[in-house]
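Asks: Below is the structure I would like to discuss, written out as structure tokens.
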Amino acid sequence: MIFSRAIQRAALTTVVLSASALTVSASAATAPTSTVTAPASAVTVPALAQAAEMPPACQSALLDTLEKFPVVDYTVPEKVQNTALVEFLNLSDADQAVFTAAACTAWNNWATANGKAVADDLDTRYRAAAAPVCNKFARSTLATIKKYAPNIPAETRELERVAKKVWAATMQKLETQATNADCKSTYNTVKAGW
């Protein structure tokens, strides 16, 4: 369970870090303040090996950030988590190189200082968005990202660039795979990002 939770957090942080100018977050199956709703089924052992090679601040950014965003209702669908995880694991060496101690420390500090406000915004937007869940997630996430992205520290801009890349690729794949017309339309609408 710990392995699965750590991987879920790593995948979703890419979305949380995006959502706040790096990416996204969600609500929990295992803990009320977590942002993960279901186990990521596309988990592989290389994910832990890759995360272990990162500076400690980046490991914290990937594994602990979601605890800094105490959402109540906002959720990230499992399919989004899994797709984002695959995109994250497939980052090039150059993209992985942006996960520096300075950038991740800046992100951790920003997330600690702004996590409650971001979580409240995500929850409010999620509650107000129209169903289905894919639409609620995508539109609330993107709106919150757009609101908070201009305020993230300059040191995190390269992380944001990578997060945008992961977001766009994830939304494109979800659009292609979607069988629900509303979800297909939503993913198409938000894939350009912020």
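Asks: Let's test the formula: R0 of 22 Å, r as the Cβ-Cβ distance of Val72 and Ala168. What FRET efficiency results, to the nearest 0.05?
Replies: Working: r = 28 Å, r/R0 = 1.28.
Between Val72 and Ala168 the formula returns 0.20.
Asks: If you stretched the chain out fully between Arg161 and Asn109, how much longer would it get, using 0.36 nm times the residue separation minus the C-alpha to C-alpha distance?
Replies: On the way: separation 52, 0.36 × 52 = 18.72 nm, distance 1.88 nm.
Full extension from Arg161 to Asn109 adds 16.8 nm.
Asks: Starting from the 7 Å offset along Cα-to-Cβ, what nm value, one decimal, do you get for the label separation of Ala130 and Thr189?
Replies: Here the answer is 0.7 nm between the modelled labels.
Asks: Here's something else I'd like to know. First compute the accessible area of region 138-194 with a 1.4 Å probe, then give the percent of it belonging to carbon and sulfur atoms. Walk me through the numbers on the way to the answer.
Replies: Numbers: 1420 of 2730 Å².
Roughly 52 percent of what the probe reaches on region 138-194 is carbon or sulfur.
Asks: Okay, moving on. In a solvent-free Debye calculation with one equal scatterer on each Cα, what is log10 I(q)/I(0) for region 50-194 at q = 0.11, 0.19 Å⁻¹, listed in the order of the q values?
Replies: So the normalised log intensities work out to -0.41, -1.26.
Asks: OK, next. Which value, in debye to the nearest 20, gives the size of the charge dipole of region 80-194 about its Cα centre, when Lys and Arg are +1 and Asp and Glu are -1 at the Cβ? Could you put the intermediate results ahead of the total?
Replies: Values: 14 positive and 11 negative charges, 80 e Å.
The calculated dipole for region 80-194 is roughly 380 debye.
The values are calculated or read from the model by the stated rules, or taken from the named source; none is laboratory data. Predicted model, so just to flag it, every value in this text is computed and none were measured. When we count neighbours, we look across all protein chains shown, and the Cβ atoms used for this are built from the backbone with ideal geometry, even at glycine. Please note that ligands, DNA and RNA were not included when accessible areas were found on the heavy atoms of the full protein model with its side chains. Shrake-Rupley method; radii C 1.70, N 1.55, O 1.52, S 1.80 Å.
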